[in-house]
Amino acid sequence: MRDQFHVVTNHRVEFTGPDTASGTNYVFSEGHLEGGASFKAIALNEDTYARVGDGWRIGSRVISPLTPPEMGGFEA
């Protein structure tokens with residue numbers, strides 16, 4: 001990868017217990033490979049969270065594409 005970034009936005013979290021939660025967020029990702037190929041993708045993440053020690057961690061994630069991924073310059 002020459003460069004890549006993710007924009008994650010519109011976080012929604014609902015507590016399902018004192019140490020558990022579920023939530024959603026949207027992600028936009030774009031990147032470029034050294035050879036010139038590139039990609040763009042927009043998706044919805046559906047997560048579960050768990051309190052671990054003194055913080056929170058993602059327990060599971062389901063990623064659902066919202067638009068067809070754009071891929072350019074990749075050879076089949």
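The values are calculated or read from the model by the stated rules, or taken from the named source; none is laboratory data. Computed from a prediction, not measured in an experiment: that's the story for all the values here. Here the Cβ is made from the backbone with ideal geometry for all residues, glycine too, and neighbour counts use every protein chain on show.
Tabulated results
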read-out	value
Breaking point among (1) at pLDDT 95 or above; (2) at negative phi; (3) out of contact with any His (no Cβ under 8 Å at 6 or more places or on another chain), for N10	(2)
Identity of the residue in region 20-29, of a type outside the set (A, V, I, L, M) and over 14 Å from the mean Cα position of the chain (by Cα), that ends up surrounded by the most Cβ atoms within 10 Å (Cβ to Cβ)	S22
Boolean, A37 is of a type in the set (G, A, S) and modelled with pLDDT of 95 or more	no
Extreme residue, nearest to N10 (Cα to Cα), among residues of region 35-76 that are surrounded by 11 or more Cβ atoms within 10 Å (Cβ to Cβ) and among the polar types (S, T, N, Q)	N45
Yes/no for H32 being free of Cβ contacts under 8 Å to residues at least 40 places away in the same chain and exposed (fewer than 12 other Cβ atoms within 10 Å of the Cβ)	no
Any pair with Cβ under 8 angstrom, 6 or more apart, that starts in region 56-76 at a residue that is in contact (Cβ under 8 Å) with a residue 40 or more places away in the chain and of a type in the set (G, A, S) and ends at one that is in a strand (DSSP E or B) and surrounded by 11 or more Cβ atoms within 10 Å (Cβ to Cβ)	G73/S38
Every residue from region 1-26 that is in contact (Cβ under 8 Å) with a residue 24 or more places away in the chain and of a type in the set (A, V, I, L, M, F, W, C)	M1, F5, V8, V13, A21
